[in-house]
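The values are calculated or read from the model by the stated rules, or taken from the named source; none is laboratory data. Since the structure is predicted, the reported quantities are computational estimates derived from the model, not experimental observations. All Cβ positions, glycine included, derive from the backbone under ideal geometry; neighbour counts span all protein chains shown. The area values use the complete protein model at the heavy-atom level, side chains included, leaving out ligands, DNA and RNA. Shrake-Rupley method; radii C 1.70, N 1.55, O 1.52, S 1.80 Å.
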Amino acid sequence: MNLDFTPEEQAFRREVREFLAAELPDDIRERVRLGRRLSADDHLRWQNVLSRRGWLAAGWPREHGGPGWGPVERHIFDEESASAHAPTVVPFGVSMVAPVIMKFGSEAQQRHYLPRILANQDWWCQGYSEPGAGSDLASLRTRAVRDGDHYIVSGQKTWTTLGQYANMMFCLVRTDPEAKKQAGISFLLIDMQSPGISVRPIVTLDGAHEVNEVFLDEVRVPVANRIGEEGQGWTCAKFLLTHERTGIAGLGHAKQALRHLKTLAGQIRHRGRPLLELPSFRQRMVKAELELMALKVTHLRVLASARDGAVPGAVSSLLKVRGSELRQELSELTRRALGPEALPFFPGFLYGDEALEPERAEYAAAGAQYLNRRKLSIYGGSNEIQKSIVAKTLLGM
Amino acid sequence: MDFSYSDEQRMLADTLERLVADSDSVGDAAPITLWHTFAELGLLQLPFAEHVGGLGGDGIDVTIVMQAFGRGLVREPYVAGLLLPGTLLARLANSAQRERWLSPLLGGEYRMTLAWQETAARYDAHAISTRARRQADGWVLDGSKQGVMAAAAADALVVTARLDDGLLGAFLVPNDSRGLARRDYTTLDDRTASDIQLTGVLLPHDARLGDDASDTLDAALALGRAALCAEAVGAMQAACDQTLAYLKERRQFGAPLAGFQVLQHRMVDMHLNLEQARSMAILAATSLERPAGERDYRVSAAKAYCGEAARFVAEQAIQLHGAMGMTEECRISHYARQLIMFDHHLGDVDHHLEIVSERLTAA
């Protein structure tokens, strides 16, 4: 038994690190470092660099144009990306709909959509949650009624992340209202330019516009845009959720956040001494450090078993719960570390292009980021849902 | 990166599984009946280097042994009576001392323990006040040691003492030495321990092991701590398994307890703690050959983490068993006692958090 990366894996890490140092544009790196919102163009610029290098679709097999990485390489890439302040690849196309298309899509669908995702030609968003269907996703009510070779789709989706930039949405719709709730669902790909679609921003408690409501009013969607059979949508959805959960522990981000916190706590002074030396604060930092150490090893255990062919399954739920709790704790400690500096709010700087004095800029995001990080224990299946999954599948309760 | 056992380790795990299943002694008054079986199975030689008569096992081998002991509530003093004194002997003894003390220890015919802890020093193995003075015909030891595990059954003790020149010495002290007084007692986790008074104990020159014992003592304690973490993981695993089984079997309000979400989530929290503690125990066991600073940082992190996790699992296990969990008759209470008292062996959460904290620096 050993916890070390192989020489090849270490060489790969160096390769990734050198690539990030050379290719990540400075302005994007700086925006990420300061916690500022990226524009659609920022995302695309970076994703085009990754695409040219062949590293955009980290999880894809070679046959579809991916780099053919295993779970260990993907982990190394994520970790290095986070520590270099690279933007996270917008997951909805590359990591979410693409695996579903590969698994359940027709050859024609694969030939059409996958190359477009690889080339950043489509911006995908996720049409899952509805006002009445959150954790209980299968109770969704958006209707799709067959009309010749089209479906007429009506309903409302919500929490649609970055939907304001999207030109495509993968969407769960109810095609059979009579069937048992999971059985009546189908998986449709919808062009966001279709007549009848409107997108309305939801401003969250951090003042950000990250999520949206999407209204569908008799939208005509070709039957050819259905993935899998009619009524097979729930199978696709479940498959997708297991993909969403791997890597959701966000350990690279947690590591980066702890490093940042230590720097801050070393600089900021409390009654004349570094905040790092305040016992009550230091104690919480130490606990966060221990939690991160444990999570890293647990994550390596999951990676090793995934590498050896096991399906991560419920263990990734454990990682999600503890990883999100840790990141939330770190965001809380960072906010507290800043003291009165956490109070000012500069939305024009954080979410736009307004300038700010450099010393202010360093601290400007922490307060809002704390609020934003509340989402970590809610999205991707809330932590309570994760625990219920573990209880059911791992513990047989 | 590889978390799998080798073929030999799998065999070791199977052997221990059977041994532990066959020798369940919960409820008995901690009889020491397995030590000779350990010797026959090679468990006493396992953790020591081949050139001193061991089998060259590593931290993971010890982890396998200790997890099984934790699961089966085996109370034989594998840590206190073998790993701790054995490490000091294996690394410090000259060949004559090895022949006389280590060989019979590994053969199972001679029992030993390590007397390192003192009341005033709490868990600090270096801040001791027991003294060793050199005199013409050997050494004189004066001082007292607290909570010396498995001392009553030991033939000899390895005793740490401060020398006049400031070095830390380790001395071989026969249990029947003149001037050695023992107060024996049992512990809350069903083990035996003693407080020991040393008053002008005379020892020959060759009773001293090596020169300064500080670094070796740290190495021995690191191994002991990693081993205790593994034992706690084994006990946590058993406590989780047993609590889960109880929740599935016990019915209230016309339904199994396992069907209640509030209990499901609590069970999952226990499981989360178990898996994270397992990771930390692995981290400790695979860090034993690293440079001392790095080794101790990781081992302390693991001991602190496992201490918290063990307490959580123990408390939840009792709570989820309801009043049954409060009874001595119910097996869970024995695991709970062990898991709570785990924190009091070789440094508790606060002790080890402080060590981690001292090394936490601004990035």
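General remarks:
- Residue check for A:E354: in a helix (DSSP H, G or I) and either touching a Pro at 6+ places or on another chain (Cβ under 6 Å) or surrounded by fewer than 18 Cβ atoms within 10 Å (Cβ to Cβ) (or both): no
- Residue selection: A:R284 satisfies the criterion of being touching an Asp or Glu at 6+ places or on another chain (Cβ under 9 Å), open to solvent by 20 Å² or more (accessible area, probe 1.4 Å) and either over 30 Å from A:T393 (Cα atoms) or not in a helix (DSSP H, G or I) (or both).
- For B:R295, the test of being more than 8 Å from chain A (Cβ to nearest Cβ), basic (K, R) and in contact (Cβ under 8 Å) with a residue 60 or more places away in the chain is passed.
- Note on the range A:306-336: among residues that are among the hydrophobic types (A, V, I, L, M, F, W, C), more than 12 Å from every other protein chain (Cβ to nearest Cβ) and part of a helix (DSSP H, G or I), the one that is surrounded by the fewest Cβ atoms within 10 Å (Cβ to Cβ) is A:L333.
- Within the range B:93-119, residues that are without any contact (Cβ under 8 Å) to a residue 24 or more places away in the chain reach partners that are open to solvent by 10 Å² or more (accessible area, probe 1.4 Å) and of a type in the set (F, W, Y) with beta carbons closer than 7 Å, at six or more positions or on different chains, in the pairs B:P104/B:Y110.
- Remark: pairs (first residue in the range B:11-23, in contact (Cβ under 8 Å) with a residue 40 or more places away in the chain; second residue open to solvent by 40 Å² or more (accessible area, probe 1.4 Å) and in a helix (DSSP H, G or I); Cβ separation under 6 Å; 6+ apart in sequence or on different chains) are absent.
- Of residues in the range A:244-269 being of a type outside the set (A, V, I, L, M) and modelled with pLDDT under 90, the one farthest from A:M293 (Cα to Cα): A:E244
- Contacts under 9 angstrom Cβ, first residue in the range B:185-198 being within 13 Å of B:Q117 (Cβ to Cβ) and open to solvent by 40 Å² or more (accessible area, probe 1.4 Å), partner among the polar types (S, T, N, Q) and in a strand (DSSP E or B), 6 or more apart: B:D195/B:S144; B:D195/B:Q146
- Those residues of the range A:155-187 which are part of a strand (DSSP E or B) and open to solvent by less than 40 Å² (accessible area, probe 1.4 Å), in sequence order: A:G155, A:K157, A:M168, A:M169, A:F170, A:C171, A:L172, A:V173, A:R174, A:I185, A:S186, A:F187
- Set A:I202, A:I190: member being touching an Asp or Glu at 6+ places or on another chain (Cβ under 7 Å), in a strand (DSSP E or B) and open to solvent by less than 50 Å² (accessible area, probe 1.4 Å): A:I202
- Test result for B:G81, away from chain A (no Cβ under 14 Å), part of a helix (DSSP H, G or I), farther than 27 Å from A:S305 by Cα and among the small types (G, A, S): yes
- Within the range B:250-292, being part of a strand (DSSP E or B) and facing chain A (nearest Cβ under 10 Å) holds for one residue alone: B:P256.
- Criterion: within 28 Å of A:E362 (Cβ to Cβ), surrounded by fewer than 17 Cβ atoms within 10 Å (Cβ to Cβ) and more than 14 Å from every other protein chain (Cβ to nearest Cβ) - qualifying residue of A:E63, A:E23: A:E23
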